[in-house]
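Data first, discussion second: the structure below is written as structure tokens.
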Amino acid sequence: MLEEFLPFIGLIIFGNIENLILASQGVVQGVNPKILGGLSIIAVTIWLIIGTVATEVAIQYANYITFIGGLAIFILGIQSVSGAVKNLRATKGGE
């Protein structure tokens, strides 16, 4: 049973990294942590349901899905670092 999910292992890892990036973006922007945590739990639950239901259909596209997921995480990472650097510069410039 586990063998059928093996093509998605990269996407699982990327998904966890994406969650961390989005959480750090929320912290940098000063979002309420309770709201951020609640939205994160909702998003993970939705992806769990979609993943459970759509695995049979999506397995043939696993390589494409992993590539798109990795690209999205790369772009989100650049956005996050860029926002954090801008925030640091603004904070240090305001002192």
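The values are calculated or read from the model by the stated rules, or taken from the named source; none is laboratory data. These numbers come from a predicted model, not from an experiment. All Cβ positions, even for glycine, are placed from backbone atoms using ideal geometry, and neighbour counts span all protein chains on display. Only protein heavy atoms, including side chains, enter the accessible area calculation; ligands, DNA and RNA are left aside. Shrake-Rupley method; radii C 1.70, N 1.55, O 1.52, S 1.80 Å.
Determine, from the Cβ-Cβ distance of Ile42 and Lys92 and an R0 of 35 Å, the FRET efficiency 1/(1 + (r/R0)^6), rounded to the nearest 0.05. List each step's numbers first, then the result.
Values: r = 35 Å, r/R0 = 1.01.
Efficiency, rounded to the nearest 0.05: 0.50.
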Only helices counted: for the chain, with every DSSP H run of 4 or more residues adding -39500 (n - 2.57) and the sum spread over all residues, [θ] at 222 nm is -30000 deg cm²/dmol
I'd like the FRET efficiency for Val57 and Ile13, computed as 1/(1 + (r/R0)^6) with the beta carbon distance as r and R0 of 22 Å, rounded to 0.05. 0.50
Tell me the label only: which of (i) 16.4, 57; (ii) 19.7, 67; (iii) 19.7, 53 is Rg and Dmax of the Cα atoms in Å as calculated from this structure? (i)
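Suppose the chain between Ala72 and Val27 were pulled fully straight at 0.36 nm per residue; how much longer would it get relative to their current alpha carbon spacing? Walk me through the numbers on the way to the answer.
Details: separation 45, 0.36 × 45 = 16.20 nm, distance 1.96 nm.
Length difference between fully extended and current span is 14.2 nm.
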Counting only protein heavy atoms and leaving out ligands, DNA and RNA, the solvent-accessible surface of Thr52 at a 1.4 Å probe, in Å² to the nearest 10, equals 100
The chain - percent relative contact order, Cα under 8 Å, separation 6 or more: 54
Which value, in Å², gives the accessible area per residue of the chain when a 1.4 Å probe is used on the protein heavy atoms? 78
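For segment 1-75, what % of the accessible area comes from carbon and sulfur atoms, probe 1.4 Å?
C and S fraction of accessible area: 77 percent.
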